[in-house]
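Following: one structure in structure tokens, then a few remarks.
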Amino acid sequence: MPLLRLASVLKKLTPPFLKSSVTSLALQIIVVALIFYAAHGLLSNTQENLEARNIASGFGFLSLESGMPIGNSLLPYSPIDSYGYAFFIGITNTLYVAFFGIVLATLIGIIIGIARVSNNWLISKLAEIYVEVLRNIPLLLLLFFTYSLALVALPIPRKSLTPLPGFFLNNRGIYFPRPVFEPGFWFVALAVLVSIVFAFVIHRYATRLHRRTGRVIPSLWLGFITMVALPAMTWWLIEPPIVWNFAVLKGFNFKGGLVIRPEFTALMTGLVFYTAAFIGENVRSGIQSVSVGQINASKALGLPTGVTMRKVVLPQALRVIIPATTNDYTSLVKNSSLAVAIGYPDMVSIGGTIIGQNDQAIEIIAMWMAVYMTINLIISLVMNWFNAKVQLIGR
Amino acid sequence: MIYKPLPDLPPPLESVGLIGWIKENLFSSKLNSLLTIIATVFLWKAVPPLLSWAIFDASWALSSTENACSPEKHGACWTFIFEKFRVLMFGLYPEQYLWRPILTFVIFLTVCSLTIFRILRTKLLITLWFILPLPLFLLINGGMGLDIVEQSLWGGLMLSIELAAIGILMSIPLGIVLALGRRSDLIVVKTLCISAIESIRGVPLITILFMASVMLPIFLPEGMNFNNLLRVQIGIILFSSAYIAEVVRGGLQAIPPGQIEAASSLGLKRWKVTYLVVLPQALHHVIPSLIGRCVALFKDTSLVIIVGLLDFLGMIKASAQDPEWLGNDTEAYVFCALIYWIICFSMSQYGKSIERRNQW
């Protein structure tokens, strides 16, 4: 009893602001202790289990010879390279898919979104059907389907489709002519660079002139024409700066040229069309969030439709579109891991093979997490910067 | 003479009725006319062959006969789907016990419709949803007098629905705890919850499934052994709870602070403020987003094929590779897409209708 009384006296003596902080401190200490206990238990279990199963730990395996073949790689790779390098090839493949996936999905998504709000009934219904179908089936199913199309629907190499001379479509891949750069190519590259700088400068000048005097120079057209004309002229003047290495049928398969494997085609098609449906919805809700009054007002001021879209609707729609689209970009990157299901060697697929060979799952999964989080962090940073630029600046 | 207005002239013929509608919606400008023509040509070229493939030229024979699906036929071979129907729905579940998953499904549908049509009181419904999984599990798995059915025999659509339903049900409480923890004043709890949520949301579901099926056995003490299905289910619950936590957080943020202040000034303890005032309102706000998560999770359960479970998509793929029925990939995938689409689309329409009515 005296102990209880002592406690109650102490409780009365403690000032109220301290009372809550004492309990919360105690609670937190308990939580920390529990976590440490659990972590300790897990660690000791893990160690025992790893020893019992004869699994090594640590990242030493990364420098060992991998011995696994990789079908699609951007960089030169052979099975005698190390596990670390193989994993790196996986990272480059993931980044490759992610980058082109994001660019293409954005383009198609914008088209879908605009088609969805079109005042053409047929077009908007078609876009709606597209969105509702693609958003309500699993991506993996779509990938299986595109992969079976790329393998089954396309003919064997001997009966390749040739939509353009030098281009071949068959079930081993899509073959392009490969450009071989001659020394003269650098002049063309220089011409491209110069024309880009010129277009940039003239656009700046036109903007300033417009702000100062109201005169309008068709700067976009001027820039565009320069960017086409200058490199074309250089190309014409210099002896062929690029020779094309065509793919030719030798035996059962094509040799030479550039090839895109069916795994990549299938993964890309599936990812892009799936994500484009989501981005299309974002674009639609963004455009519809701009009130009609804004458009009417800008029409009343006599702005042409294009300018209304560019200067009035788009800046306001982007504020709604960007945050949602950031999420879709990160899910596209994460979804690219489904490559493992159709045999495209991305990071997860190569990591999975490594786990199969040496059982070092913990290390590989840690590496996966680190890479995905870094990519997603970079996407978020870039998109947040972009978002900050289009936000309304409050007074 | 009194001025008497003449009756109004009827509107010009080309601005009313069908012609008016067509002019307004299909040919309002040059660009629109061009687009309409292109779309019509596209539909003209695409729809008739598609219909004749899927319906008119297709083989609808219920059971396999000699010339049901001969290679000369150009239509779809739905006989293949009818033949494989049991496997697609229930996996390798033994035929003599099929009444058990069917009964389970009927009960599940009943509870779903009770929820949709709001026949029971909310509290009763919630209790029902959280109690029901246990008897239903016993019904499918066996035990208590029923013969045990190995979990490796479960599969098909039954498994997909099971994984998604249990995943959502279990992850809602976990997600609420994580969301409350994220808003806690206790710095340790807050950091813990944030890092859990963000690290799960930062990685693809596949890595989490790999983790659950490969790493979980390494973490657990000797002798404590889950089967693959349970491990994958745990992975799905963890994955889903991080996303649900973010959804719930959105609802919590929408509660004006005045509500909490008013409740505290009435003398309610803190957990009572949360339990009686904040949470009911927050959850009510986020029901449409929760249904969105259900759709997403149901689609995501198809990934379990990668860690070796044969769910609906897995069974579709396995059936398409059956040597007796080669060349029916397209039929299999189309059927699979149709079923997923019907389920997901009706769920998202339900979510939208709740959002429109702004009440559950």
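Comparing segment A:59-125 with the 2.2 N^0.38 Å rule of thumb, its C-alpha radius of gyration ratio is 1.88 (two decimals). Taken over chain B, the convex hull of the Cα atoms encloses 292 Å³ per residue. Put simply, the Cα atoms of the protein assembly as shown extend 100, 93, 65 Å along their principal axes, the longest span coming first.
Neighbouring Cβ atoms from other chains, within 10 Å of the Cβ of residues in A:210-218, number 0 on average. Once the C-beta distance of A:N327 and B:K352 is scaled by a Förster radius of 22 Å, the resulting FRET efficiency is 0.70 to the nearest 0.05. Averaging the Cα positions of each part gives two centres, and for segment B:315-357 and segment B:114-150 these lie 25 Å apart. Taking every C-alpha pair closer than 8 Å and separated by at least 6 residues, the mean separation divided by the residue count of segment A:323-395 gives a relative contact order of 35 percent. Here is how the number arises for the protein assembly as shown: DSSP H runs of 4 or more residues each give -39500 (n - 2.57), the sum is divided by the residue count, and the result at 222 nm is -22000 deg cm²/dmol.
Segment A:321-368 and segment A:61-131 have Cα centres separated by 11 Å. Shown is the FRET efficiency for A:E132 and B:M1, computed with R0 = 41 Å from the Cβ-Cβ distance and rounded to the nearest 0.05: 0.05.
Could you compute the net charge surrounding A:Q360? Neighbours are other residues with a C-beta less than 14 Å from the C-beta of A:Q360; K and R count +1, D and E count -1. Net charge in that neighbourhood comes out at -2. For chain A, relative contact order (Cα pairs under 8 Å, six or more residues apart, normalised by length) works out to 21 percent. Find out how many positive minus negative residues lie around A:L74, taking Lys and Arg as positive, Asp and Glu as negative, among other residues whose Cβ is under 13 Å from that of A:L74. Net local charge, A:L74 excluded: 0. Across segment B:151-190, the residues whose backbone nitrogen lies under 16 Å from the label position 7 Å along the beta-carbon direction of A:A39 are B:187-190.
Subtracting the Cα-Cα distance of B:L18 and B:A262 from their residue separation scaled by 0.36 nm leaves 82.0 nm. Modelled this way, with points 7 Å down the Cα-to-C-beta line, the labels at A:I202 and B:I38 are 2.8 nm from one another. Listed by chain and number, the lysines placed with their C-alpha closer than 21 angstrom to that of B:K30 are A:K125, A:K299; residues fewer than eight positions away on the same chain are left out. Partner lysines whose Cα lies under 24 Å from the Cα of A:K255, excluding those fewer than 8 positions away in the same chain, are identified as A:K159. Helices of chain B meeting both criteria, an alpha-carbon length of 20 angstrom or more along the long axis and an average Kyte-Doolittle score not below -1.0, with helices taken as full DSSP H segments, are B:30-51, B:99-116, B:156-182, B:187-201, B:228-253, B:279-300, B:329-357.
Values in this text are rule-based calculations from the coordinates and carry no lab data. Please read all numbers here as calculations on a predicted model, not as lab measurements. Here Cβ is always computed from backbone atoms with ideal geometry, including for glycine, and neighbour counts include all displayed protein chains.
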